[in-house]
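Colleague: Attaching a single structure in structure tokens format; questions to follow.
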Amino acid sequence: MNILVCISSVPDTTSKINFKNNNQEFDDNGVQFVINPYDEFGLTKSVMLKQELGAKVTVLSVGGPTFEPILRKALAIGADEAVRINMKPLDSFVVANEVSNYIKDNEFDLIICGRESIDYNGGAVPGMVSELLSMPFVNACIGLAVEGSKVILLREIDGGKETVSVNFPAIIAGQKGLVEESELLIPNMRGIMQSRSKPLSVLEPSNQEIRTNSLSFSLPDKKQDCTMIDKNNVEDLVNLLHNEAKVI
Amino acid sequence: MSVLVYAENWEGKFRKSTFEVVSYASQLAKSINSEVHAITFGNILEEELIKIGDYGAVKVYNYNKINKSNNQAIAKIFTEYQNFSVFIFSNSFASRSITPILSIKIGSSYVSNVVSLLDFNNKTVRKQSFSSKAFELVKINTEKVILSISSNAFGLIENKVNCNIELLDTELIGNLNIESQEKSRGKISLSEADIIVSAGRGMKGPENWHLIESLASEIGAATACSKPVSDSGWRPHSEHVGQTGKAVSPNLYIAIGISGAIQHLAGVNSSKVMVVINTDPDAPFFKAADYGIIGDAFEVVPKLIEAIKNFKN
Ligand SMILES: Cc1cc2nc3c(=O)[nH]c(=O)nc-3n(C[C@H](O)[C@H](O)[C@H](O)COP(=O)(O)OP(=O)(O)OC[C@H]3O[C@@H](n4cnc5c(N)ncnc54)[C@H](O)[C@@H]3O)c2cc1C
């Protein structure tokens, strides 16, 4: 089985978010970049599938040279091969196009993405790729099992869960539950040593059409100070919520 | 340039989030002197269907033979409406399984987490970005556009019109086999909730959640939790809110025994009003909150339940 895991490089979750160039661009000064948390679940799951069923795992990122550390990390965690498509990921459409062109040239049975990236929160790439390649798409997966030529998926739906099955090849978007937080693999010394001899190839993009532009960013307004209420007068809180905030 | 809106239903009933996206679509249509039509899937009674008209849609197409779980089949139905140029969806899991597929089918732009009306003159719209730590102004370069609207960003705007119903019995299977469903019954879902009562490690263990649940039921809230609480299995993953869980934006968010780590705040700070109950006066959550009580949850929460009971009487 051939598995492709699409991963993105995002600011560490503790990062302070600031912008530069007249608020037109994210300021990455002093920011640590990590594998997008939603993608980590799929990456670990693919390495587990490799151990159980003997799969080959390729990781793919569309991004500039600064994306290479996360690809190396994915190799150290257990992926066999890494590919970077060398372009700035300007919108979901251009990324989806690059990913699907890569998949067309290389056959995969299963493509695993994250539900969304925690930077631009588009949540669109996996669905777009599925349509560009006419494959089934299952979003928000919290469980995955391979059965012959089928994948059985448990997905989160609004107000519950749903079990669906699809035939290979298929593309899914994962989140916590695909594997548990405690199962997430981290690189060990042996993995790091091995990753140095694993292939990381860089491909040039084929098409640069974008459908949306990011014009500028802004930060939410500063909050007013917190009004403190004595713990022995909680009815004051109820009154404030009713009369002042008008939320109950 | 008419506006088409996806009116999601749950077992034949519309919810607040549906009326919210219909309200949004009507506001947009008004700004360009156009009208709103809606699409919905599954068996729905006429008396329910016409409620869409309360929020300004003049027509609703009801496909009663199509399963709403089949994202690809639903996207295909939308392509039959090529004379529309703006497509409005909610930010639900179901909507977000359809929108990217549809955008490829019709060659449109797609913007999710939208928090402003679409500006037709400049072709721009504002969305949440960096897990609600920032906003982003996005320019649309295509003629058609699909928007997923952040929940509770606009609220309901009543605008009663006559709504014509068209029943369609098209059958389409799609490429997913739906095997089974498991619903969390009788509970208010997080994305719908006006009020959320959320608790963290300060509650000490799952056996103490009855306090959180009684408070939630007394005040009509959904329950949520911090990440370590769901990671330890005290509560289901579906309740985990924050940067790597669900992003929520209720009118009122009550945080009990949650420290207010940056990753937690990222997913909840677009709530309209936040209340914090914590023993530690230096807990970072107090900096983000509107109202705070320094105190032990095991003392304060029972008093709060009493106070709400008294208030309701
Ligand atoms: C990559 C990454 C992603 C993350 N994503 C998320 C996310 O999406 N959501 C999330 O929530 N976290 C997330 N976290 C974790 C986050 O950093 C915090 O660790 C977490 O939010 C803390 O949870 P907590 O507030 O329940 O627990 P703690 O930080 O342990 O806080 C417990 C609080 O309870 C108070 N307390 C103790 N006893 C009582 C009492 N009797 N009454 C009242 N108060 C009491 C304490 O004073 C303390 O403030 C993420 C972390 C990482 C590294």
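Colleague: Within 10 Å of each Cβ in A:210-223, how many Cβ atoms from other chains are there, averaged over the peptide? Let's see the in-between values first.
Modeller: Working: counts 3, 12, 14, 8, 6, 7, 7, 6, 6, 4, 7, 0, 0, 6.
Neighbouring Cβ atoms belonging to other protein chains average 6 per residue here.
Colleague: A follow-up question, please. Tell me, rounded to the nearest percent, the portion of alpha carbon pairs in segment B:195-312 spaced more than 16 Å apart. Let's see the in-between values first.
Modeller: Working: 3770 of 6903 pairs.
Here the tail beyond 16 Å accounts for 55 percent of pairs.
Colleague: If I take the Cα coordinates of chain B and project them onto the principal axes, what are the three extents in Å, biggest first?
Modeller: Projected onto the principal axes, the Cα atoms of chain B cover 59, 41, 40 Å.
Colleague: Pairs on different chains or at least eight residues apart, Cα atoms closer than 15 Å: how many lysine pairs in segment B:1-124 fit? All intermediate terms of the calculation are to be shown ahead of the outcome.
Modeller: Numbers: B:13/B:51; B:13/B:68; B:16/B:51; B:51/B:59; B:65/B:76; B:68/B:76; B:76/B:105.
For segment B:1-124, qualifying lysine pairs total 7.
Colleague: Let me ask another. Just report the Cα centroid separation between segment B:246-289 and segment A:65-102, whole Å.
Modeller: 35 Å
Colleague: Under 10 Å, Cα contacts only: if you run a Gaussian network model on chain B, which one of B:18, B:279, B:170 comes out with the highest mean-square fluctuation?
Modeller: B:170
Colleague: Counting pairs on different chains as well as pairs 8 or more places apart, how many Lys pairs in segment B:195-312 have Cα atoms under 19 Å apart?
Modeller: On the way: B:204/B:227; B:204/B:303; B:227/B:246; B:246/B:272; B:272/B:287; B:303/B:312.
Counting lysine pairs in segment B:195-312 gives 6.
Colleague: What are the chymotrypsin sites (Phe, Trp or Tyr not before Pro) within segment B:30-118 that DSSP puts in a loop, where the Cβ has at most 15 other Cβ atoms within 10 Å? The partial results should precede the final answer.
Modeller: Working: sites: B:41, B:55, B:61, B:63, B:78, B:81, B:84, B:87, B:89, B:93, B:110; in loops: B:81.
Sites meeting the loop and neighbour criteria: B:81.
Colleague: With N residues in chain A, what two-decimal value do you get for its Cα radius of gyration over 2.2 N^0.38 Å?
Modeller: The value comes to 1.18.
Colleague: Divide by every residue of the protein assembly as shown the summed helix terms, -39500 (n - 2.57) for each DSSP H run of at least 4, and state the resulting mean residue ellipticity at 222 nm, rounded to the nearest 500 deg cm²/dmol. Don't skip to the end; give the middle numbers.
Modeller: Working: 15 runs with 147 residues, N = 561.
Only helices count here, giving -7500 deg cm²/dmol.
Colleague: Right, another one. Work out the count of Lys pairs in segment A:2-221 where the Cα-Cα distance is under 18 Å, with the pair 8 or more places apart or on different chains.
Modeller: Number of lysine pairs found: 14.
Colleague: Based on DSSP, what percent of beta bridges with both residues in chain B are antiparallel, to the nearest 5? Intermediate results must be reported in sequence, preceding the final value.
Modeller: Working: 10 of 58 bridges.
Antiparallel: roughly 15 percent of the beta bridges in chain B.
Colleague: A further question on this structure: Nearest-5 percent of antiparallel DSSP beta bridges in segment A:2-221? Let's see the in-between values first.
Modeller: Values: 19 of 44 bridges.
Here the antiparallel bridges make up roughly 45 percent for segment A:2-221.
Colleague: Something else now. May I ask for the net charge around residue B:27, where only other residues with Cβ less than 13 Å from the Cβ of residue B:27 are counted and Lys, Arg are +1 while Asp, Glu are -1?
Modeller: Working: positive: B:30; negative: B:20, B:35, B:119, B:158.
Result for the neighbourhood of residue B:27: -3.
Colleague: With a 10 Å radius around each residue's Cβ, average the other Cβ atoms per peptide and rank A:190-197, B:95-102, B:280-287, highest first. Each step should come with its number before you reach the end.
Modeller: On the way: A:190-197: 13.0, B:95-102: 26.9, B:280-287: 16.0.
Order by mean packing, descending: B:95-102, B:280-287, A:190-197.
Colleague: Also: What per residue convex hull volume, in Å³, comes out for the protein assembly as shown when only alpha-carbon positions are used? Can you show the working numbers first?
Modeller: Values: hull volume 86.8 nm³, N = 561.
Looking at the protein assembly as shown, the number lands at 155 Å³ per residue.
Colleague: In a Gaussian network model over chain B where Cα atoms closer than 10 Å are linked, find which of B:301, B:276, B:115 has the largest mean-square fluctuation.
Modeller: In this elastic network of chain B, the residue with the biggest mean-square fluctuation among B:301, B:276, B:115 is B:301.
Colleague: For segment A:118-248, max minus min Cα coordinate along each principal axis, in Å, sorted largest first?
Modeller: Principal axes ranked by extent give 63, 40, 39 Å for the Cα atoms.
Colleague: Could you sort the peptides B:240-252, B:288-300, A:232-244 by per-residue average Cβ neighbour count (10 Å cutoff), highest mean leading?
Modeller: Descending packing order for the listed peptides: B:240-252, B:288-300, A:232-244.
Colleague: Which GluC sites (Glu not before Pro) from segment A:94-197 combine a DSSP loop assignment with at most 15 other Cβ atoms within 10 Å? Could you put the intermediate results ahead of the total?
Modeller: Values: sites: A:98, A:107, A:116, A:131, A:147, A:156, A:162, A:180, A:181, A:183; in loops: A:107, A:116, A:180.
In loop regions of segment A:94-197 (DSSP not H, G, I, E or B), the sparsely surrounded GluC sites (Glu not before Pro) are A:107, A:180.
Colleague: Starting with the fewest neighbours, write out B:149, B:106, B:258 ranked by other beta-carbon atoms found within 10 Å of each beta-carbon. Intermediate values should be presented prior to the final figure.
Modeller: Details: B:149 28, B:106 20, B:258 31.
Fewest-to-most ranking of B:149, B:106, B:258: B:106, B:149, B:258.
Colleague: Output the Kirkwood hydrodynamic radius of segment B:2-168, Cα pairs only, in Å rounded to one decimal.
Modeller: 15.7 Å
Throughout, read-outs are computed from the coordinates displayed, never taken from laboratory work. Predicted model, so just to flag it, every value in this text is computed and none were measured. Neighbour counts are summed over all protein chains in view; Cβ atoms, including those assigned to glycine, are modelled from backbone coordinates with ideal geometry.
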